[in-house]
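In what follows, a single structure is set out as structure tokens and then discussed.
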Amino acid sequence: MPAPLRTLVLFAHPGYHRSRVNRALVEAVRGMEGLTFHDLYEAYPDFDVEVKREQELLLAHDLVVFHHPFYWYSTPPLLKQWEDLVLEHGWAYGREGTALAGKLLLSAITTGGRESAYGPEGPNRHTMRQFLVPIEQTARLCRMTWLPPFVVHGTHAMTPEEARRAGADYRLALEALRDRRLDPAAIADLPTLNAALAPLRAD
């Protein structure tokens, strides 16, 4: 039987102390077996990213999670800085850049906008997957498998119970990926990873 996947959560939230929903997500997965939680803003308050340390962390894990709030249709600045520095040519991509080949990449995102706001008829005009094409292409360039994103919508209006349920779903998603209960090929075309969770809740 294949070994469980080792999971690295790269958490990037410059205003974490003000975020009820992200706190619920983080608390739900902290201490999960096989998971390393890495708070980038805590580790690098001056944006002085230690490239070799980060590369060693990536090498030691199978599933990499970019966990962050959706900032102007993109990532917070420190996560972009991390990408620019850590994913080096000749290491992460390029003819000889195969260090990340075969690993999985997942975006776990929170956003104040409701799900209906993301699509051709909504005010944002595009789906979440369309907004995340740069991260998807980054994964492909690094020979990684990009997974449908885990998305928590409507965070501004969430009740504490709704935030708790979102946290439970986040843990369920990471546990299912860790334990290989979700086949990346089978879920590749889903709009979000959330759409694959209903059968797992019944288990």
Check your understanding: Does the stretch 89-96 include one or more residues that are assigned to a helix (DSSP H, G or I) and surrounded by 14 or more Cβ atoms within 10 Å (Cβ to Cβ)?
Key -> no
Exercise for review: Pairs only if they're at least six apart or on different chains, beta carbon under 6 angstrom, first in the stretch 9-29 and modelled with pLDDT of 95 or more and of a type in the set (V, I, T), second surrounded by 23 or more Cβ atoms within 10 Å (Cβ to Cβ) and not in a helix (DSSP H, G or I); list them, first residue then second.
Suggested key: V9/V65; V9/H67
Exercise for review: Scan the stretch 129-138 and give yes if some residue there is hydroxyl-bearing (S, T, Y), within 18 Å of the chain's Cα centre (by Cα), at pLDDT 95 or above and part of a helix (DSSP H, G or I), otherwise no.
Suggested key: yes
Check your understanding: L100: under 20 Å from A43 (Cα atoms) and either over 20 Å from the mean Cα position of the chain (by Cα) or of a type in the set (A, V, I, L, M, F, W, C) (or both), yes or no?
Key -> no
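Answer with yes or no whether E115 is under 28 Å from A198 (Cα atoms), exposed (fewer than 15 other Cβ atoms within 10 Å of the Cβ) and of a type in the set (D, E, K, R).
No.
The values are calculated or read from the model by the stated rules, or taken from the named source; none is laboratory data. Since the structure is predicted, the reported quantities are computational estimates derived from the model, not experimental observations. Cβ coordinates were reconstructed from backbone atoms using ideal geometry, including for glycine residues, and neighbour counts include every protein chain displayed.
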